[in-house]
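One structure is given here, and the rest of the page talks about it.
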Amino acid sequence: AVIKLEGGGDFPAVHFADINSVKVGEWVMAVGNPLGLTSTVTTGIVSAIGRGQLGMSRSSYSVEYYIQTDAAINPGNSGGGLFDMNGSLTGINTAIATSTGNYIGYGFAIPVDLVKSVIDDLIDDGEINRGYIGVSIKSVRDEVVAKALGLDEVYGVLVESILKGSAAEDAGIEAGDVLLELEGEKLYSSGELQSRIAQKRAGDKVDVLILRDGEKISKTVKLRARDEDEKGFADNSEGEAETGVGKNSPVNFDKLGFKVEKLTDKIKKEYDTENGVLITEVKRFSAASDRGLFPNGVIVEADRKEVNNTRELKDIIADKKPGDAMLIKVKDRKSTRLVTWPSRMPSS
């Protein structure tokens, strides 16, 4: 919230830190009124920057890109400042990781650059006027994912699906693209992309570098307001044992830990798809489970090839060499996800 103070005098104001100068390991101070203790200051270090995927919000539009600190933060600290040793504001304390309701080691603050963007929007327009690209995304989080996508290093943000009529669709971005850079700077997580876009306004143009089928392509995206994009996501959204011999017989990928069978007409209608195979079982602690496959999902593509029956999926996986990685598109009733993992378990 922004509060307007009437009066002609000079009010003292906090100095905003340059968020790019905030480093992991530097000392910070958390200020607030924890547990009813007025004007309390605690100290600690910045233990991480860009912490996300905390599940603190159910909204897909929420930005989770926090400064993590081990400075003691408790109920009553929320809304208080997190300051560097020069007294400059680096963030606003907002949450803690806890199993007890009180501090157990980690707190989280909204970075000052995002704070400033919200303040400016509220003062200028009376509401938050963020721009949106209109994509469902996830981070390229390890070497397996990077290899499957054709990357030489672990970075980038994978586009899982596109909103119909969104800024992304207008710019020619497609599901399966990897967003490598935003305005010339590399992207290392989905939270980082969300945070940087959240500081832009609807109507702003941003340049992105994407990777598609091994080729780097530059795109310019004109951001839109959120209410323009709430029409719903597009449904873009050795030693394997085979059961049966038909092209749509059930197949058990034993070492990978999952089974598939043909789609029925009922499932095709429920999942709004004309092709694919149904995942009927995923073993706990298997490679498939670890990489995010789930029972009752429908595999519609594997290794960027359309899957029409169980035989096609078996052949695609069989063509992979030990250690190869692959990209699989999986649908459920409401969304589409891209899953990456080794097609075969390495020999031991």
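The values are calculated or read from the model by the stated rules, or taken from the named source; none is laboratory data. The structure presented is a predicted model; accordingly, all values stated were derived computationally and were not measured. Neighbour counts run over all protein chains shown; Cβ positions are idealised from the backbone, glycine included. For the accessible areas, the whole protein counts, side chains as well, though only heavy atoms, and no ligand, DNA or RNA atoms are used. Shrake-Rupley method; radii C 1.70, N 1.55, O 1.52, S 1.80 Å.
Side notes on the structure shown:
- Loop-located GluC sites (Glu not before Pro) in the range 124-208 (DSSP state other than H, G, I, E, B) with a sparse environment of at most 11 neighbouring Cβ atoms within 10 Å: GLU127, GLU153, GLU183.
- Surface accessible to a 1.4 Å probe, per residue, for the residues of the chain, Å²: 52 Å²
- With a simple spin-label model that places each label point 7 Å from the Cα along the Cα-to-Cβ direction, the separation between LYS283 and ASP204 comes to 4.9 nm.
- Per-selection Rg to Rh, the chain - Cα, Kirkwood hydrodynamic radius: 1.04
- For the pair the range 277-319 and the range 112-176, the centres of their Cα atoms are 27 angstrom apart.
- One chain, two ends: LYS216 and GLU127. Fully extended at 0.36 nm per residue, the span grows by 28.4 nm beyond their Cα-Cα distance.
- About its Cα centre, the chain has a charge dipole of approximately 1020 debye under the convention of +1 per Lys or Arg Cβ and -1 per Asp or Glu Cβ, with nothing else charged.
- The range 129-217 shape via C-alpha gyration tensor axes, a/c threshold 1.5: prolate
- At R0 = 51 Å, FRET efficiency that the Cβ-Cβ distance of ASP290 and SER39 yields, to 0.05: 0.60
- Global dimensions of the range 259-333 from alpha-carbon coordinates: Rg and Dmax equal 12.0, 36 Å.
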